[in-house]
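None of the figures in this text is laboratory data; all of them are computed from the coordinates on show. Keep in mind it's a predicted model, so treat the numbers as computed, not measured. Cβ placement follows ideal geometry from the backbone for every residue including glycine, while neighbour counts extend to all protein chains displayed.
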Amino acid sequence: MEITRIPLGSWIESGLTWLTSEYSVVTRGISRVTQAGINSLNDGLMWLPEWALLAIIALLCWKLASTRLAIGAVAGLALIWNLGLWNPMIETLTLVVIATLVAVVIALPVGIAAALSERLYRVIMPVLDFMQTMPAFVYLIPALMLFGLGKVPAILATVIYAAPPVIRLTDLGIRLVDQEVLEASRSFGASRKQILFGVQLPLALPNIMAGINQTTMMSISMVVIASVIGARGLGEQVLMGIQRLDVGAGMEAGIAIVLLAVVFDRIGQAYGKRSQRSHAEDV
């Protein structure tokens, strides 16, 4: 018995084609704005001398954590510089920063709304489950159809791929706030807005920072994968190493990606711990 095949792929392709044709003005506008942001940040980071960026990162690490982290971060980035991968690293850094910022700006309000609305929570959680189980490469397909090759579709795919952790952990952090604390705030006459911004979000900050840290790590992963659609950066160096069977060059770029990810991870963790300590002292 022959079973009729559901043309799911054709429906998705038709929907994306319709979006591309009907909303081409919108996609071109998004593309121009995104590309302008990428170019501005990339040019600014490229303009900085290598030693100046190393000094800024060292100062940031020292202020947030310790001298040991500052030394480790500078040593890791100095190795990337020594390997001749500074410019690709800057390209990757630019995409990660922009994608993470956009993902956080979108995901944070969604996470807050999900925590405050049980109906929205029930709707959005299955969507997040679907997004987080989808293979990373699949996100490149609609981005490629809507925006073509380049860094803009890489940003779009990265934002969609990396946003769920911030939504989940923001929602979780707000839900974990002690009900007695909320009742005490209400008894003092605090409004819902005052409770949200004065009580719930400060108490949820450690969870939110953990979500942002996860989103940053996922952004690095996706930006590297997006090299196959023209994102360039360190991912392109790995791809070229594979294509040319140049094991040494590919491994050097891979090590540079790991070093960059570790620096981001340690800075994110240090900021989260500092925020937690600061809030504990205030309490």
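Computed over the alpha-carbon pairs of region 23-282, the distance histogram in 10 Å steps reads 7, 26, 32, 23, 10, 2, 0 percent, short to long. FRET efficiency for the pair ALA136 and GLU183, taken as 1/(1 + (r/R0)^6) with r the Cβ-Cβ distance and R0 = 35 Å, rounds to 0.20. Within region 169-283, the proportion of C-alpha pairs whose separation exceeds 17 Å stands at 65%.
With point charges of +1 on the Cβ of Lys and Arg and -1 on the Cβ of Asp and Glu, referenced to the Cα centre of the chain, which listed residue (VAL74, GLY37, PHE197) lies farthest in the positive direction of the dipole? The listed residue farthest towards the positive side: PHE197.
Counted by Cβ distance under 14 Å from LEU83, the other residues give a net charge of -3, where Lys and Arg count +1 and Asp and Glu count -1. Applied to region 257-271, the Karplus parametrisation 6.51 cos²θ - 1.76 cosθ + 1.60 on θ = phi - 60° returns per-residue 3J(HN,Hα) values of 5, 4, 4, 5, 5, 5, 4, 4, 4, 5, 5, x, 5, 5, 5 Hz, with x for Gly and Pro. Using θ = phi - 60° in the Karplus curve 6.51 cos²θ - 1.76 cosθ + 1.60, the 3J(HN,Hα) couplings for region 111-121 round to x, 5, 4, 5, 6, 8, 10, 5, 5, 5, 4 Hz; x is entered for Gly and Pro.
Using +1 on the beta carbon of Lys and Arg, -1 on that of Asp and Glu, and nothing else charged, what's the dipole of region 57-210 about the Cα centre, debye to 20?
Working: 10 positive and 7 negative charges, 37 e Å.
Computed charge dipole of region 57-210: roughly 180 debye.
Here the simple spin-label model places points 7 Å from the Cα toward Cβ, and for GLN194 and LEU176 these points are separated by 2.7 nm. Around the amide H of GLY230, modelled in the peptide plane, lie the amide H atoms of GLY150, all under 5 Å away and 5 or more residues distant in sequence or on another chain. Relative to its residue count, region 1-89 spans a Cα convex hull of 220 Å³ per residue.
Quick check: from the Cα gyration tensor, does region 7-146 come out rounded (a/c under 1.5), prolate or oblate?
Since a/c reaches 1.5 and a/b is larger than b/c, the shape of region 7-146 is classed as prolate.
On the basis of the beta-carbon distance and an R0 of 30 Å, SER21 and ASN87 show a calculated FRET efficiency of 0.20.
Relative to the current alpha-carbon distance between ASN39 and ILE6, full extension at 0.36 nm per residue lengthens the span by 7.6 nm.
Backbone N atoms of region 102-141 closer than 12 Å to the 7 Å Cα→Cβ label point of ILE30 are not found in any residue. Residues in region 91-103 carry Karplus couplings, in order, of 4, 5, 4, 4, 5, 5, 4, 5, 5, 5, 4, 5, 4 Hz; the curve used is 6.51 cos²θ - 1.76 cosθ + 1.60 with θ = phi - 60°, and Gly or Pro positions show x.
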